[in-house]
1. Regarding the range 76-99, can at least one residue be identified that is modelled with pLDDT of 90 or more, under 18 Å from residue 42 (Cβ atoms), part of a helix (DSSP H, G or I) and not assigned by TED's automatic domain parsing to the domain that holds residue 22?
2. Restricted to the range 70-82, and to residues that are without any contact (Cβ under 8 Å) to a residue 24 or more places away in the chain and loosely packed, with under 15 Cβ neighbours inside 10 Å, which residue is farthest from residue 104 (Cα to Cα)?
3. With respect to residue 63, is the statement that it is outside any helix (DSSP H, G or I), modelled with pLDDT of 95 or more and touching a helix residue (DSSP H, G or I) at 6+ places or on another chain (Cβ under 6 Å) true?
4. Please count how many residues of the range 2-31 are surrounded by 16 or more Cβ atoms within 10 Å (Cβ to Cβ), part of a helix (DSSP H, G or I) and within 20 Å of the chain's Cα centre (by Cα).
5. Inspect all residues belonging to the range 132-144 and state whether any of them is modelled with pLDDT under 95, outside the structural domain of residue 5 (by TED's automatic domain parsing), within 30 Å of residue 60 (Cβ to Cβ) and in contact with a helix residue (DSSP H, G or I) (Cβ under 8 Å, 6 or more places away or on another chain).
């Protein structure tokens, strides 16, 4: 397959892992790379207004500046972090106004409650063949609506 959106038939022939990679959920978008997970963890435990250079943030996260540089734009595009130039140097900070950041804080709190025993663990859901078929059907509908458009996007994406 090329960089184009696979056909519905190609999607039905993919294994579940490949479908997830091709059409990531919001969760997978932020958690797909260890560098992003480590970076988010570091940002969530830092004071909300703390600004970091790329090197400082990589150090705080326990990753390399090169690895972070390769991935950080996805967090900026999702408005999870903000980037600004200060004194000729790029600075990054957690975007306190981001609905994604709000949800990350809520997830942190929910996990802590479960760890503390104040709430039972959520049910473990597994991928089903129906889920793969649903993605293929969504692509097919999107392509029909776009007269054969080549990019699949989830609701709310542009």
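The values are calculated or read from the model by the stated rules, or taken from the named source; none is laboratory data. The structure presented is a predicted model; accordingly, all values stated were derived computationally and were not measured. Using ideal geometry, Cβ is built from the backbone for each residue, glycine included, and neighbour counts are taken over all protein chains shown.
1. yes
2. Among those that are without any contact (Cβ under 8 Å) to a residue 24 or more places away in the chain and loosely packed, with under 15 Cβ neighbours inside 10 Å, it is 73.
3. Details: outside any helix (DSSP H, G or I): yes; modelled with pLDDT of 95 or more: yes; touching a helix residue (DSSP H, G or I) at 6+ places or on another chain (Cβ under 6 Å): yes.
Yes, satisfied.
4. Counting residues in the range 2-31 that are surrounded by 16 or more Cβ atoms within 10 Å (Cβ to Cβ), part of a helix (DSSP H, G or I) and within 20 Å of the chain's Cα centre (by Cα) gives 5.
5. There is no residue in the range 132-144 that is modelled with pLDDT under 95, outside the structural domain of residue 5 (by TED's automatic domain parsing), within 30 Å of residue 60 (Cβ to Cβ) and in contact with a helix residue (DSSP H, G or I) (Cβ under 8 Å, 6 or more places away or on another chain).
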